[in-house]
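One structure is given here, and the rest of the page talks about it.
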Amino acid sequence: MHDLVKWWGGAPALTEEYEIDNGKVYKNGNVAVLYSPGYGGGYTTWSSSEGLSPFQPQVVACLLASRRDLITVDNLRMWMDIADNDDFSPYLGGVKDLEIEWLPKGTIFEIDEYDGFESIRVFNADSRGIFVA
């Protein structure tokens, strides 16, 4: 477990070994990517709400602090600055299996899903992916 020293927006704060830039968490030149490799429902792929990012810094901080319980619709709404009256109802069934994969900055990838089981597929420089770390 990481030594988390304070809270930010209801989420544990990251220590100095981590850097946040452009809505992504970095450590040693790698980017934290969220995915849920468990059958039943994918965190990123099964949400009907727009904007559930595989990079959400507060969610990364919760996982690093072993505080999965803080990943709630209300907290996501606050972290993403979404108004209460917006139709925001993400599927959070994948939170129980949510993991962090550290990818080198600039990696082209997509989050693939089969029956709720998410996996990360990395592309070479000539491929077209969905996300870039």
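A short reminder: the numbers here are calculations on the coordinates, not readings from a lab. Source: prediction; values computed, not measured. Every residue, glycine as well, gets a Cβ built from its backbone with ideal geometry; the counts of neighbours run over all protein chains shown.
Only loop residues by DSSP count here, and only those with at most 12 other Cβ atoms within 10 Å; note down the GluC sites (Glu not before Pro) in the stretch 9-115 that meet that. Before the final figure, lay out each step's value.
Working: sites: Glu16, Glu17, Glu19, Glu50, Glu99, Glu101, Glu110, Glu113; in loops: Glu16, Glu17, Glu50.
In loop regions of the stretch 9-115 (DSSP not H, G, I, E or B), the sparsely surrounded GluC sites (Glu not before Pro) are Glu16, Glu17, Glu50.
Any chance you could tell me what percent of the C-alpha pair distances in the stretch 7-132 go past 24 Å?
Details: 1998 of 7875 pairs.
Pairs farther apart than 24 Å: 25 percent.
Just rank Trp79, Trp46, Trp102, fewest to most, by other beta-carbon atoms within 10 angstrom.
Lowest to highest Cβ neighbour count: Trp102, Trp46, Trp79.
All other residues with a Cβ under 12 Å from the Cβ of Tyr43 taken together, and with Lys, Arg as +1 and Asp, Glu as -1, what is their net charge?
Charge balance near Tyr43 sits at -2.
For the stretch 7-132, what's the relative contact order in percent, using C-alpha pairs closer than 8 Å and at least 6 residues apart? Write down the numbers at each step before the final one.
Details: 219 pairs, mean separation 40.9, N = 126.
That works out to 32 percent.
May I ask you to evaluate 6.51 cos²θ - 1.76 cosθ + 1.60, the Karplus curve with θ = phi - 60°, for each residue of the stretch 103-109 and list the ³J(HN,Hα) values in order in whole Hz, giving x for glycine and proline?
These are the phi-based 3J(HN,Hα) values: 10, x, 3, x, 5, 8, 8 Hz.
How far apart, in nm, are the 7 Å Cα→Cβ label points at Glu16 and Asp112?
Label at Glu16, label at Asp112, 4.2 nm between them.
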